[in-house]
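Q: Here's a structure for you.
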Amino acid sequence: MSGHLQPLLTAVGGSLPEEQLRVVRRAYEVADRWHSGQFRRDGRPYITHPVAVAVIVAELDLDHELLCAALLHEVLAETACPEEELAGEFGEPITDLLRGLRLLDSTKRRPPEWPVSTDERVLTLKLADRLHNQRTISGLPEARQRVNSQENLDVVAPVARRLGLTDVEEELRRLALGNLSGLGGARPFFGAITAGAIMLPAAVRGRWLEEWLGELLALPGGRARLGFTFWLLAGMPRLALTLRGQGAPARGGRVAAAGRAAVRCLRWPA
């Protein structure tokens with residue numbers, strides 16, 4: 001058994017019956033096999049991420065099915081493993097958790113669009129995933145760090161509060177605020193833009209926010225940033241209609257030229 005599993009075994013301690021612990025170990029073995037050769041942005045083996053998510057879950061709820069789902073939560077998304085293989089190996093309850101998580105991810109829904117009816121265990125799993133990603137956010141490009149941190153602060157932390165996971169909420173807020181402190185005086189403007197961007201299609205929202213953040217930081221002072229923010233927010237409904245009328249973003253991740261033109265006319269002159 002790889003040493004990568006040890007932090008989870010330590011977190012679990014002797015709290016699980018041996019039969020359930022065997023299933024957790026098996027989930028790790030399957031995840032480790034499918035993630036073999038994959039690495040995180042920081043160079044660590046990819047399996048360290050699902051193990052870390054499982055440790056967070058263990059601190060919240062010693063449910064062996066949820067622990068297994070945490071260990072397996074990236075297998076369907078990041079490998080060629082068939083869903084049927086996991087269902088045959090681990091049964092429907094664990095596979096249903098993975099399906100619920102995949103539903104949130106495959107539709108590219110962002111946290112404000114997570115259905116209220118979503119299984120609380122699926123949301124707990126997603127929150128643990130978000131928390132670990134926030135802890136290790138330094139591996140992302142700077143603009144993406146800011147976008148994710150603002151989203152975690154504004155909408156993910158409140159989901160944790162709704163579920164009564166106050167420790168998760170507080171850590172998410174603390175880490176996100178620490179990351180956003182690098183924005184200095186631009187932070188309140190970026191927060192307002194992020195809130196307004198909720199009306200944009202989820203599949204392209206992050207790319208627009210990254211671009212706007214770069215432009216916001218390039219502006220010389222508060223007055224220019226205020227004007228830029230005002231005009232973006234005023235034109236956001238029109239941009240949303242334009243982008244939604246185009247459907248999916250063009251191949252290669254670029255938003256269609258008409259959508260870019262719709263925003264160019266909103267930009268505040270520095």
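Q: Residues Val57, Val23, Val51, Val30: which one is hydrophobic (A, V, I, L, M, F, W, C) and in contact with a Cys (Cβ under 7 Å, 6 or more places away or on another chain)?
A: Testing whether each residue is hydrophobic (A, V, I, L, M, F, W, C) and in contact with a Cys (Cβ under 7 Å, 6 or more places away or on another chain) leaves just Val23.
Q: OK, next. Being exposed (fewer than 14 other Cβ atoms within 10 Å of the Cβ) and over 25 Å from Leu9 (Cβ atoms) is the filter; apply it to region 78-107 and report the residue that is modelled with the lowest pLDDT.
A: Across region 78-107, the extreme among qualifying residues is Thr107.
Q: Shifting gears a bit: Would you confirm whether or not region 147-156 contains a residue that is hydroxyl-bearing (Ser, Thr, Tyr) and buried (at least 22 other Cβ atoms within 10 Å of the Cβ)?
A: Taking every residue of region 147-156 in turn, at least one turns out to be hydroxyl-bearing (Ser, Thr, Tyr) and buried (at least 22 other Cβ atoms within 10 Å of the Cβ).
Q: Here's another thing I want to ask about it. Could you run through region 20-47 and say how many residues are within 21 Å of Arg130 (Cα to Cα), free of Cβ contacts under 8 Å to residues at least 60 places away in the same chain and surrounded by 18 or more Cβ atoms within 10 Å (Cβ to Cβ)?
A: Here the count works out to 6.
Q: Go through region 162-185 and give me each residue that's part of a helix (DSSP H, G or I), buried (at least 16 other Cβ atoms within 10 Å of the Cβ) and of a type outside the set (Gly, Ala, Ser).
A: Val168, Glu169, Glu171, Leu172, Arg173, Leu175, Asn179, Leu180, Leu183 - these are the residues of region 162-185 that are part of a helix (DSSP H, G or I), buried (at least 16 other Cβ atoms within 10 Å of the Cβ) and of a type outside the set (Gly, Ala, Ser).
Q: So, one more: Hey, can you tell me all the residues within region 77-91 that are without any contact (Cβ under 8 Å) to a residue 40 or more places away in the chain, within 14 Å of Ala27 (Cβ to Cβ) and assigned to a loop (DSSP other than H, G, I, E, B)?
A: The answer is Gly91, and nothing else.
Q: Here's another thing I want to ask about it. What about Leu98, is it assigned to a helix (DSSP H, G or I) and touching a residue at least 24 places away in the same chain (Cβ under 8 Å)?
A: yes
Q: Within region 10-19, identify whether any single residue is surrounded by 17 or more Cβ atoms within 10 Å (Cβ to Cβ) and in a helix (DSSP H, G or I), and answer yes or no.
A: Within region 10-19, one or more residues are surrounded by 17 or more Cβ atoms within 10 Å (Cβ to Cβ) and in a helix (DSSP H, G or I).
Q: Quick one: Leu200 ticks every box in (1) at pLDDT below 90; (2) more than 16 Å from the chain's Cα centre (by Cα); (3) surrounded by fewer than 19 Cβ atoms within 10 Å (Cβ to Cβ); (4) not basic (Lys, Arg) bar one, so which box is it?
A: For Leu200, the failing item is (3).
The values are calculated or read from the model by the stated rules, or taken from the named source; none is laboratory data. Model, not experiment: these values are computed from the prediction. Glycine gets a Cβ as well: all are built from the backbone with ideal geometry, and neighbour counts include every protein chain shown.
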